[in-house]
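One structure below.
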Amino acid sequence: MDGELLSATFVELTDTMVAGFDVIDFLHVLTDRSVQLLGASAAGLLLADPRGELRVVAASSEAARLLELFQLQNDQGPCLDCFRAGRPVEAADLAAAATRWPRFVPAAQQAGFAAVQALPMRLREQVIGALNLFRAAPGAFPPADIRVGQALADVATIGLLHERGMRHSDTLNEQLQTALNSRGIIEQAKGKLAERLGLDMDQAFNLLRDQARACNRRLSDLAQEFIDGSDTLTRTVSKSQPRLP
């Protein structure tokens, strides 16, 4: 494991006091670093909305995002079990878990995943979501990696709660609903950008995210301007080159 990257990640996940804090980009940092640090093939993150229903808010790849959506649509999968129980859920070999998740397992295998580790986003008794780690090959995640993954999820959870307190929000639900609304705007912009520039969805998101960081803008704000047809934004993004996976 890259010690310097791990240290930098913890710093990034705790730095929620910066001006213009972007919760969506913050959550994508969690999924991206989980893949880089823990030997996962992909990662996805679900958070609960004000009604307690899980929503996809971040994923390291389009395949992971679609699989997370599949879990929600079919009300079945390790991330849902993890959230409801408030504890980690492991499936070192998804082929052996077909009875437990008869719809999820074939979908995960078709997406190229053979193992999964789900970790709760939890502070004491409050569970606000779950982090899913996927592997392309069967096999359990090493215990040390699971501890690091849970620590990342815990730090991110504390960061979200801390940021809520800094904004004097009345409830965590308000913040989560804002994140969910932003996610929808970003998905629209991502699809529009992919169609316009002939990119796949992962490349379109990376391009949009890179541009937001370069301009020191909130990802959702930049996405909304792109949807609305801002001439300046369109010219800037169109001239950019997609970051290949």
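Quick rundown of the values:
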{"item": "Pairs with Cβ under 6 Å, 6+ apart, first in segment 106-123 and free of Cβ contacts under 8 Å to residues at least 60 places away in the same chain, second basic (Lys, Arg)", "result": "Ala115/Arg135"}
{"item": "Out of Asp210, Asp154, Asp170, Asp202, sole residue that is of a type in the set (D, E, K, R), open to solvent by 40 Å² or more (accessible area, probe 1.4 Å), at pLDDT 75 or above and more than 15 Å from the chain's Cα centre (by Cα)", "result": "Asp210"}
{"item": "Matching residues in segment 108-156 - criterion: being in contact with a Leu (Cβ under 8 Å, 6 or more places away or on another chain), assigned to a helix (DSSP H, G or I) and farther than 15 Å from Ser61 by Cβ", "result": "Gln109, Asp145, Ile146, Val148, Gly149, Gln150, Leu152, Ala153, Asp154, Val155, Ala156"}
{"item": "Matching residues in segment 62-101 - criterion: being touching a helix residue (DSSP H, G or I) at 6+ places or on another chain (Cβ under 7 Å) and of a type in the set (Asp, Glu)", "result": "Glu62, Glu68"}
{"item": "Hits in segment 19-39 - residues which are open to solvent by 10 Å² or more (accessible area, probe 1.4 Å) and more than 18 Å from Gly159 (Cβ to Cβ)", "result": "Val35, Gln36, Gly39"}
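The values are calculated or read from the model by the stated rules, or taken from the named source; none is laboratory data. Remember, it's a predicted structure, so these values are computed and weren't measured experimentally. We place every Cβ from the backbone using ideal geometry, glycine too, and count neighbours over all the protein chains shown. Note: areas computed on protein heavy atoms with side chains; ligands, DNA, RNA excluded. Shrake-Rupley method; radii C 1.70, N 1.55, O 1.52, S 1.80 Å.
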